[in-house]
Amino acid sequence: MLCPKCHRPLADAEGEPYICCADAPVQWRCTGCGKISEGFAFPYGSCPHCGGKLELREAPAAAAGAQAATLAAVRTAFEIELGGRAFYQRAALHSDDDDLRALFGRFALMEGEHMETLSRRYHLDLPNSSPEFRLETAAVYAGATQAPRSAQELFELAIALEQRAAKFYEERSQHCPADSAERRLYDELAAEEREHAALLLTEFSRWRAGKPGFFSPVTPAGHGTPMNAAQLLLAPHEGSRVAVECGDERLTYADLRDRVGRAAAAWRARGLKPGDRVAIKLPDSLDWIVCWLGTLWAGGVAVGVNPRVPAPEWQYILEEAGFNVIVAESDADTPEPWRSRVITLAEGRSLVAAAQPVEPALVDPETPAFWLHTSGTSGKPKAVVHAHRCAREVGRISAERMGLHADDRLFASSKLFFAYPLTNLLLAGLRLGATLILDPAWPTPESVAATIARTKPTVLFSVPSLYRTLLHDGRAPAVPAAGVRMCVSAGEALPPSLRQAWREATGLPMIDGYGASEVLVLVLTAAEGDDALHVSPGTEVQPLDPQAAAAGTPTRLLIRSPMQALGYLDRPAAQADSFRDGRFCPADLFVRTEAGSWRFAGREDSMVKVKGRWVNLVDLEEQLGAGLPGLREGATVWINDADGMGAIAYFYAANPDDEERLLAELQQRIAALPPYKRPLRLLPIEMLPRTPTGKLLRRKLQELEQETP
């Protein structure tokens, strides 16, 4: 079932009640200070500025009757869970007791899991929690007269919060009509909160008696010889070979091993324990690599963070992760209480230089080593958890399918916090003993072209949108002139026309690859002459729907890879959908060719029904834009026509001098299409909205279309 407002899939079966994100109220007025705030929910409905009571400022016209009542119930549930998670994360930070810290961290995850369930069931994005929901605020809502001052008071406060939430839901349930959706929701929530409170009471008794409990460390079952991913990546190579270049700085493999060992020592001196999380919030640099690998070397969990991450998203990541160490250029944009965890770049360099290298922490191969955040094209980014074992085979596809070797110089236009360059540049490059080229600047066509000309890489990893811009700007011929022998494209669909145009302009082969944060490597690849994407070495692929595959219609895939992640952090429902029977099942769709390879057919939201006929938006974009003079980029989206039926809009970015000719050619192409495929609206745009990793945000285009007269 698709949401009739935004056309994204709903978790519920046909006919079940739902709440659409398009109808969620977003404006609130504080009855205390009068401040207007925006957001679906706030912890306990309190003002993020003064803590006063919030009242709905503008109710949606469409939300009426049972739907409005259910919406209010869902919003209230979000507020309770937001407050609970914020409290538990802050309690973990304030606790000096290791067992309590672990306990509160686990309860924070439980609250997050509950929010995910609400989000999927009622089709609402997870809201951000209020940074002002502190321990003091939690104490007030739990009936305490002051903030907790000891571990026991923290425990008692947590129990009081869960009991208060259960009582609140019970009282709300009694005021709802019998057998109503909101009453069932409140009853379910009350039962869960009672269970949480009972578990906390049991744990409290065990903790006071010094007995093991829910928070006690669990020794995982062994999965093989202990190892360390960072050690495996760095150990086998000749020490004098250059490992990394960034501007005028260079590190040999021997230098890099030394610095990584020193960084591990510095983290341990700061109290880092095995399994603790370290955020690296820096531009690409030698420091980035040293901090990231040093975390793995010390037995911690490394998390690369976009240094330009917007404040609300950074707050969300902090609430979710509870980092023990944050490495950043400064602490200015990190809110309390995490600001005290920040090690500035200057301080970090000093700590690493003063430390003595330590031996790597040897761990079970299934031990978490690092997280990657998904692109967030369908909502809040998910943290994908990867194990140390991934270092074993990370270079196989690069060597066997792409022909990379130790003498190659690798450069990626995207930043290291993104899975594509982290895997193919850093992990695979180090595994093969190649030289990595970094550029700290945010990528633009000009900066990428300048870096290629100056550093002379032999292999370029980039995304279709940047290859297209290099072509249109006339910069493509300079790429082979600088010494590049091969180009790799991934991160989004590569149009065949773009691949052919690149070949004609540069003479260079381009490997097209499909991968995901959940499997790291490019599990499907198309080399020169391939009809479509072939299964990469070490990967097994089966269609989720064999009948659809046999009929030549789109289907999701089941992918088995030794590079597969352990799963998502705190997202059990999403994990159940994406990880099935030991295989990864992405939401992307593929069509099997006659030769048995796979052609990308877009995501599930790129298959839309117009006038009773299915339209593949990815294919339509290629039909409209392939070889169109003056077109920089274009994208199609599903919209409502005047009668409320389905239609298509086409957004295009054109060179100003070519727009008139482009529109004339575009109209001719549209006229040649079947009527149901023809775009209802043609809308100019300066550039298409994308995630920081370069993926198209169709939902943003839908919002722009609704705002355009």
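A short reminder: the numbers here are calculations on the coordinates, not readings from a lab. Not measured: the values here are computed from a predicted model. Reconstructed Cβ throughout: ideal geometry from the backbone, glycine too, with neighbour counts over all protein chains shown.
List the residues whose amide H sits under 5 Å from the amide H of LEU544, counting only those 5 or more places along or on another chain, with H placed 1.01 Å from N in the peptide plane.
ARG556, LEU557, LEU558
Over region 224-391, what is the relative contact order in percent, taking alpha-carbon pairs closer than 8 angstrom and at least six residues apart?
Result for region 224-391 is 28 percent.
Run the dipole for region 224-391 about the Cα centre, Lys and Arg Cβ at +1, Asp and Glu Cβ at -1, nothing else charged, and hand back the magnitude in debye, nearest 20. Write down the numbers at each step before the final one.
On the way: 17 positive and 20 negative charges, 56 e Å.
With Lys and Arg at +1 and Asp and Glu at -1, about 260 debye.
Output the pairs from LYS677/LYS700; LYS53/LYS380; LYS382/LYS415; LYS281/LYS382 with a Cα-Cα distance over 24 Å in this structure; if there are none, say none. Write out the running numbers ahead of the final one.
Numbers: LYS677/LYS700 21 Å; LYS53/LYS380 27 Å; LYS382/LYS415 18 Å; LYS281/LYS382 17 Å.
Check vs 24 Å cut-off fails for LYS53/LYS380.
Going through region 263-356, which trypsin sites (Lys or Arg not before Pro) have at most 16 other Cβ atoms within 10 Å and a DSSP loop state?
Details: sites: ARG268, ARG270, ARG277, LYS281, ARG308, ARG339, ARG341, ARG349; in loops: ARG270, ARG308.
Those that pass, being in a loop and sparsely packed, are ARG270, ARG308.
Give a residue-ordered list of calculated ³J(HN,Hα) values for region 151-167 (Karplus: 6.51 cos²θ - 1.76 cosθ + 1.60, θ = phi - 60°; whole Hz; x for Gly, Pro).
4, 5, 5, 4, 4, 4, 5, 4, 4, 4, 5, 5, 5, 5, 5, 4, 5
Karplus couplings for region 188-200 from phi (6.51 cos²θ - 1.76 cosθ + 1.60, θ = phi - 60°), rounded to Hz, Gly and Pro as x?
Result, rounded to whole Hz: 4, 5, 4, 4, 5, 5, 5, 5, 4, 5, 5, 5, 5.
Which aspartates and glutamates, on any chain, are close to LYS456 with Cα under 19 Å apart, when same-chain ones fewer than 8 places away are left out?
GLU245, ASP248, GLU249, ASP284, ASP407, ASP408, ASP439, GLU446
What are the residues whose amide H is under 5 Å from the amide H of ASP588, where those residues sit 5 or more places off or on another chain and H is modelled from the backbone?
The answer is none.
Would you please state which residues of region 652-675 a label at GLU622 would reach in this model, taking the label point 7 Å out along Cα→Cβ and a backbone N cut-off of under 19 Å?
Only 669-670, 672-674 pass the distance filter.
Using the number of other C-beta atoms within 10 angstrom as an exposure proxy, rank CYS390, CYS291 with the fewest first. Walk me through the intermediate numbers first.
Values: CYS390 24, CYS291 28.
So the ranking, lowest neighbour count to highest, is CYS390, CYS291.
What list of ³J(HN,Hα) couplings, whole Hz, do you get for region 389-402 from phi and the Karplus terms 6.51, -1.76, 1.60, once you set θ to phi - 60° and write x for glycine and proline?
4, 4, 5, 5, 10, 5, x, 5, 5, 4, 7, 7, 9, 9
Working out 0.36 nm times the residue gap between GLN500 and ALA672, then minus their Cα-Cα distance, what length gain in nm do you get to one decimal?
Working: separation 172, 0.36 × 172 = 61.92 nm, distance 2.32 nm.
Result: 59.6 nm gained on full extension.
For region 611-707, build the charge dipole from Cβ charges (+1 Lys, Arg; -1 Asp, Glu) around the Cα centre, then report which of GLY646, GLY625, LEU701 sits farthest towards its positive end.
The residue sitting farthest along the positive end of the dipole is GLY646.
Skipping prolines and chain starts, which residues have an amide H placed within reach, meaning under 5 Å, of the one on LEU566, given they are 5 or more residues away or on another chain?
When sequence neighbours closer than 5 places are left aside, the close amide H contacts are VAL385, HIS386, ALA387.
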